[in-house]
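Written out below as structure tokens is the structure these notes cover.
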Amino acid sequence: MTRRLPVNFILGAVLVALVVGTAALSLVWTPHDATQMAISNKFAAPSATHWLGTDQLGRDVLSQLMAGARNSMAVALVAVLLGGSVGVALGLLASALGGWVEDGVMRLADLGFAFPALLFAIMLAAVFGPSLTNAVLAIAFINIPVFARVTRGAANQVWTLDYVLAARAAGMNRFAISRDHILPNIAAAIIVQATIEFAVAILAEAALSYLGLGAQPPASSWGRLLSEAQTLMYIAPQLAIYPGLCIVVAVVGFGLLGDGLRDMSDPRLSRER
Amino acid sequence: MWYFIFRRTAGFVATLFVVSAVVFSVMNILPGDPALTILGLDATDDALAALREQLGLNQPVLARYVSWVWNALQGDFGISHSFRVPVSELIAERLPMTVSLAVAGMIFTLVIALSLGIGAAARHRKVGDWGVMFISQIGIAVPAFWLSMLLVLLFAVKLRWLPPGGFAGWSDPVAAMRSLVLPTIALGVVQSAVLARVTRSSALEVMRQDFVRTARASGLSRRRVLWRHVLPNALVPIVTIVGMQFAALVTGTIVIENVFYLPGLGRLIFQSISNRDLPTVQALVMLFAAIVVTANFVVDLLYVVIDPRLKART
């Protein structure tokens, strides 16, 4: 019997495929050069050459949105991978060693929650000047405690299982058990979390770039396109609509995909909600 | 119970100290000369030396940290370079704006989220429930700054009902309230979406329990059972989220104040970054982090009040 896939998983997968596909396509093809200006053709209405029209400098809006997708995905990917690896490693360590190491790691994780990405990015920007690298670091930083907690919680459950006990009795050391037995068994929980954090990272990057703490000109980013559009709202309100829609589609997509993956990995949850 | 409160208070104070150490380290120990950051590359050696002296940069790091914390505890955050007044004065001027916005956002969130969440739970698996779930799914995904722009487009540019931004002060209370309407909505919508979902699932959990059926069977009205019996019992997870949400609302004001040009702490922090006013940025980051930590601490204490079982156990 084939199991039916959850609706949120299918919907999420379609939206994510759309966004990731667009980002991938922008690597090899955009309708126009996203940074190519043509002042004489500014605020052009949608047409066959410019599907979504042009902006205040005559740049093709669709091409900019595509380039923005690429940047958003890249930032979210690097930030989640970076923060996730550190967080998972800390969580595994805490769970494997227990005692004061576990306490210490968890208190550090609590501390991480005192610094939202925005505050961390503000500190980095004040000292080093605003840049995309600082934005990535700030977003990665807030991911560390999230992953550390999820990993440690899931790992602690696996450590109590009989086959882990058997592995210990067979003389395997704690790090080898963590790598060979714990990690593969908690991978589902980590992947679910990573998908959800991907959505959070897209939102964070957009906010930081909007505030001028992320992508710097001429790099295209959905958040930066919105901050440019804000001053033009009376003349060209449409410029403030498209980038926001892209953000919402991407965030809803990854959010639904994460929910769907969780429902599939633990069917009890889907009935509860 | 007293032991629990004592332990949590000690943890709270310790966390604040560690947070202050992190803020101080990032702003002071990371490579780079604060004097050079503030004055720029074309500063003369004399000016740099004078500023280093004024900032106390010639002293050892630990001594600087201790004196920063000691002075901060007495309300002295140093002098702002760009405004040339004590940072504490700047904070005192702008704090009311930020607090009013965060409190208004919290009230908005509670009213909307509790009504929607309880309403959805009461109509479990009916159109109303699905509607709330759908709207909240979108609400979570909408960036607050984009929502702000859409609200301005509709209510300020098209309909001209409300001002697009700015704040003229409290001397005209009606005008002041009008300028806070859109920022409050923009700030509260995302948090309402999150809280509505938590309220719904927590209420559904409670509604399955026997005492709810008994209450209904004894003839109490549906509405009375929902608000007097289900909601109070569903509060523990709701309060956890509300505490984190208040923290999120306070840091959210940083973004919203910049979208609507409101003269609060969030706007000040950005002016200070572009003016390279490090003492002000440092004080403000510490203040925001302290508010987040305090909000979590208050939630911990509230647990004991809301859930008497914890009182007995601790």
Residues in segment A:22-34 that are open to solvent by 40 Å² or more (accessible area, probe 1.4 Å) and more than 20 Å from A:Gln238 (Cβ to Cβ) total 6
Cβ pairs under 8 Å, 6+ apart or interchain, first in segment A:72-98 and β-branched (Val, Ile, Thr), second part of a helix (DSSP H, G or I) and open to solvent by 60 Å² or more (accessible area, probe 1.4 Å), ordered by first then second residue, are A:Val88/A:Leu183
Exactly one of A:Ala148, A:Ala135 is away from every other protein chain (no Cβ under 13 Å), under 20 Å from A:Ala187 (Cβ atoms) and modelled with pLDDT of 85 or more, and that one is A:Ala148
Practice task
Tell me, yes or no, whether segment B:45-65 has at least one residue that is farther than 22 Å from B:Asn275 by Cα, without any contact (Cβ under 8 Å) to a residue 12 or more places away in the chain and either among the charged types (D, E, K, R) or part of a helix (DSSP H, G or I) (or both).
Solution key: yes
The condition of being of a type outside the set (Gly, Ala, Ser) and not in a helix (DSSP H, G or I) holds, among A:Pro184, A:Pro218, only for A:Pro218
The lone condition B:Ala121 fails out of (1) open to solvent by less than 40 Å² (accessible area, probe 1.4 Å); (2) within 30 Å of A:Arg224 (Cα to Cα); (3) hydrophobic (A, V, I, L, M, F, W, C) is (2)
Among A:Gly21, A:Gly12, the single one that is touching a Leu at 6+ places or on another chain (Cβ under 9 Å) and part of a helix (DSSP H, G or I) is A:Gly12
Next item on the list: With respect to B:Ser25, determine if the residue is within 14 Å of chain A (Cβ to nearest Cβ), among the polar types (S, T, N, Q), in contact with a helix residue (DSSP H, G or I) (Cβ under 9 Å, 6 or more places away or on another chain) and assigned to a loop (DSSP other than H, G, I, E, B).
Entry: no
Of the conditions (1) in contact with a helix residue (DSSP H, G or I) (Cβ under 9 Å, 6 or more places away or on another chain); (2) aliphatic (A, V, I, L, M); (3) open to solvent by 30 Å² or more (accessible area, probe 1.4 Å); (4) within 14 Å of chain A (Cβ to nearest Cβ), the single one that B:Val99 does not satisfy is (4)
Residue pairs qualifying under the 6 Å Cβ cut-off, at least six apart or on distinct chains, with the first in segment A:160-180 being within 12 Å of A:Leu92 (Cβ to Cβ) and the second being open to solvent by 90 Å² or more (accessible area, probe 1.4 Å), are none
All-but-one check, A:Gly212 against (1) within 11 Å of chain B (Cβ to nearest Cβ); (2) within 29 Å of A:Leu137 (Cβ to Cβ); (3) part of a helix (DSSP H, G or I); (4) not hydrophobic (A, V, I, L, M, F, W, C), failing number (3)
* Among the residues of segment B:38-53, is there at least one that is among the charged types (D, E, K, R), open to solvent by less than 70 Å² (accessible area, probe 1.4 Å) and away from chain A (no Cβ under 14 Å)? -> no
Being in contact (Cβ under 8 Å) with a residue 60 or more places away in the chain, among the aliphatic types (A, V, I, L, M), in a helix (DSSP H, G or I) and under 30 Å from B:Ala234 (Cα atoms) narrows B:Ala72, B:Ala121 down to just B:Ala121
Taking segment B:72-85 and keeping residues surrounded by fewer than 17 Cβ atoms within 10 Å (Cβ to Cβ) and within 16 Å of B:Leu278 (Cα to Cα) leaves B:Asp76, B:Ser82, B:Arg84, B:Val85
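Please pick out the residue among A:Ile202, A:Ile196, A:Ile190 that is within 12 Å of another protein chain (Cβ to nearest Cβ), over 24 Å from A:Met66 (Cβ atoms) and in a helix (DSSP H, G or I).
Of the residues listed, the single one that is within 12 Å of another protein chain (Cβ to nearest Cβ), over 24 Å from A:Met66 (Cβ atoms) and in a helix (DSSP H, G or I) is A:Ile196.
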Listed by first then second residue, the pairs whose first member lies in segment B:134-160 and is in contact (Cβ under 8 Å) with a residue 24 or more places away in the chain, whose partner is assigned to a loop (DSSP other than H, G, I, E, B) and aromatic (Phe, Trp, Tyr), with beta carbons under 7 Å and at least 6 positions apart or on separate chains, are B:Phe155/B:Trp161
Among (1) farther than 30 Å from B:Arg8 by Cβ; (2) among the β-branched types (Val, Ile, Thr); (3) within 11 Å of chain A (Cβ to nearest Cβ), B:Val225 falls short only on (3)
A careful count of residues in segment B:249-294 that are open to solvent by 10 Å² or more (accessible area, probe 1.4 Å), in a helix (DSSP H, G or I) and more than 22 Å from B:Val194 (Cα to Cα) gives 12
Within segment B:176-183, is even one residue surrounded by fewer than 20 Cβ atoms within 10 Å (Cβ to Cβ), within 14 Å of another protein chain (Cβ to nearest Cβ) and free of Cβ contacts under 8 Å to residues at least 24 places away in the same chain? no
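Being in a loop (DSSP other than H, G, I, E, B) and touching a Gly at 6+ places or on another chain (Cβ under 6 Å) is the filter; apply it to segment A:40-58 and report the residue that is most open to solvent (accessible area, probe 1.4 Å).
The extreme case among them is A:Lys42.
May I ask you to list the residues in segment B:152-167 that are away from chain A (no Cβ under 11 Å) and buried (at least 16 other Cβ atoms within 10 Å of the Cβ)? Spell out how you get there, then give the answer.
Of the residues in segment B:152-167, the ones away from chain A (no Cβ under 11 Å) are B:155, B:159-163, B:166-167.
B:Phe155, B:Leu162, B:Pro163, B:Phe167, listed by residue number.
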Checked segment A:95-132 for anything β-branched (Val, Ile, Thr), within 14 Å of chain B (Cβ to nearest Cβ) and either surrounded by fewer than 17 Cβ atoms within 10 Å (Cβ to Cβ) or within 18 Å of the chain's Cα centre (by Cα) (or both); matches are none
inquiry  = Whether any residue in segment A:138-156 is in contact with a helix residue (DSSP H, G or I) (Cβ under 9 Å, 6 or more places away or on another chain) and outside any helix (DSSP H, G or I) is what I want to check.
reply    = no
A:Met172 vs (1) part of a helix (DSSP H, G or I); (2) surrounded by fewer than 19 Cβ atoms within 10 Å (Cβ to Cβ): all pass except (1)
For B:Met244, the lone unmet condition from (1) within 10 Å of another protein chain (Cβ to nearest Cβ); (2) more than 20 Å from B:Gln191 (Cα to Cα); (3) open to solvent by 60 Å² or more (accessible area, probe 1.4 Å); (4) of a type in the set (A, V, I, L, M, F, W, C) is (2)
The one condition B:Glu89 fails out of (1) under 22 Å from B:Phe270 (Cβ atoms); (2) within 14 Å of chain A (Cβ to nearest Cβ); (3) of a type in the set (D, E, K, R) is (2)
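The values are calculated or read from the model by the stated rules, or taken from the named source; none is laboratory data. Since the structure is predicted, the reported quantities are computational estimates derived from the model, not experimental observations. Backbone-built Cβ (ideal geometry, glycine too); neighbour counts: all protein chains shown. With ligands, DNA and RNA removed, areas are computed over all heavy atoms of the protein, side chains included. Shrake-Rupley method; radii C 1.70, N 1.55, O 1.52, S 1.80 Å.
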